[in-house]
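Before any comments, here is the structure.
The values are calculated or read from the model by the stated rules, or taken from the named source; none is laboratory data. Given the structure is predicted, the values throughout are model-derived calculations rather than measurements. As a convention, Cβ positions derive from the backbone with ideal geometry for all residues, glycine included, and neighbour counts pool all protein chains shown.
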Amino acid sequence: MLNQETNRINNENVMLPEEMKHGGAEILPVIFTRSSPLDLPVENFSKALMRREDNRRALLNWVKLHLRPNIDFGQIHVFGKEKCLFAKEGRANECTDPKHWSKASLWKSGAEKICGMLGLVPRFPNLNEFESATMRGEDIKVIIIKCQLQTESGFIAGEGIGARCIIQDSGDINKSLKMAAKSAHIDATLRVAGLSELFTQGLEDMSNAVRGDIPPDADRQASPATPQQTPNQPQSERESNRNGNGQGSDNVRITPKQYKFIIDLIEKTGISEQELNAHCVDAYGTETTYISRSDASSLISWLQSR
């Protein structure tokens, strides 16, 4: 629980915690006021930039050396059997084409290791609100959890948000709470450490939600590429490389609003999530969560006609 002093620090003056003042106070000012960092003296600002860049480079090197594929991060094979020979033969995990794999996704164990090395503890300030609403029997459809990464002194170093539709977990609110909290933790970790160039988040969760009761590791395998290889590919290049996978000419992923609308439709039409996923693989060459916006519109029309 944040006390009044901690709230004052985080809302008005950002003060460095005690553990950061030792061994480097001559480089960074003790207090950053609410004014722009660009108002700092040039010498102090330049030293601060150099120090942060060196620290970030050290962190990225540590991540690449110590986070393990299929344990701390992973990638999903996103090309269907019509577009990938390995997938057609049931050997998608053996595919070596980097264009057939998603960007590396940071998993919970990886986020925990990174936060542990940085001395940050995840806190979920609004989690108890959803827990209380659940105890009261309220009809909750969507859970949105905030995660704050704090130092031992209570300084909030970073924040993240995680959301989960209850329908994704077949009405299991407890599971949805855990999944939303996990997503928020990963989001906060990516933000505080600036790791978006290496990882995305939650791809395996979205995929598992569509696959239903298929085991999480059924087709979730890490590609031969390490996180410092495929993820460094520019986003525009990764998207353009997916031409021909059935995602349509716009190459823009399905929106969360489209995805939720589709989930609502299959509940009304009686189509299972497994059947929906199989249809998308056959019709568009990839799983539901990876189809394009135009293909999502086509899928919605198909569902509405049933």
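For the reader, a short list of remarks on this structure follows.
- Residue within region 151-171 that is within 19 Å of LEU59 (Cα to Cα), among the acidic types (Asp, Glu) and in contact with a helix residue (DSSP H, G or I) (Cβ under 7 Å, 6 or more places away or on another chain) present: yes
- Qualifying positions in region 251-303 - under 17 Å from HIS77 (Cβ atoms), out of contact with any Gly (no Cβ under 6 Å at 6 or more places or on another chain) and assigned to a helix (DSSP H, G or I): ASN277, ALA278, CYS280, ASP282, THR288, THR289, TYR290
- Filter result for ARG220 (outside any helix (DSSP H, G or I) and at pLDDT 50 or above): no
- Being over 27 Å from LEU198 (Cα atoms) and of a type in the set (A, V, I, L, M, F, W, C) holds for only one residue in LEU49, LEU38, and it is LEU38.
- Hits in region 147-171 - residues which are at pLDDT 90 or above and part of a loop (DSSP other than H, G, I, E, B): THR151, GLU152, SER153, GLY154, PHE155
- Given (1) under 27 Å from ILE263 (Cβ atoms); (2) modelled with pLDDT under 90; (3) surrounded by 20 or more Cβ atoms within 10 Å (Cβ to Cβ), index of the condition ALA193 fails: (1)
- Residue count, region 69-108 (criterion: surrounded by 15 or more Cβ atoms within 10 Å (Cβ to Cβ) and either under 20 Å from the mean Cα position of the chain (by Cα) or in a helix (DSSP H, G or I) (or both)): 23
- Search result, residues across region 119-132 that are part of a helix (DSSP H, G or I) and under 19 Å from the mean Cα position of the chain (by Cα): LEU127
- When region 32-58 is limited to residues that are of a type in the set (Ser, Thr, Tyr) and modelled with pLDDT under 90, the one that is surrounded by the most Cβ atoms within 10 Å (Cβ to Cβ) turns out to be THR33.
- When the test is whether a residue is closer than 23 Å to TRP62 by Cα and either touching a Pro at 6+ places or on another chain (Cβ under 8 Å) or surrounded by 20 or more Cβ atoms within 10 Å (Cβ to Cβ) (or both), LYS182 passes it.
- Residue match in region 131-138 (condition: of a type outside the set (Gly, Ala, Ser), modelled with pLDDT of 90 or more and crowded, with 18+ Cβ neighbours inside 10 Å): no
- Residue list for region 139-158, filter: within 25 Å of SER105 (Cβ to Cβ) and surrounded by fewer than 17 Cβ atoms within 10 Å (Cβ to Cβ): VAL142, ILE144
- Tabulated pairs, region 137-149, first free of Cβ contacts under 8 Å to residues at least 60 places away in the same chain and closer than 16 Å to GLU112 by Cβ, second aromatic (Phe, Trp, Tyr) and not in a strand (DSSP E or B), C-beta under 9 angstrom, 6+ apart or interchain: CYS147/PHE124; GLN148/PHE124
- Matching residues, region 262-275, being surrounded by fewer than 17 Cβ atoms within 10 Å (Cβ to Cβ) and either closer than 15 Å to SER298 by Cβ or not charged (D, E, K, R) (or both): THR269, GLY270, ILE271, SER272, GLN274
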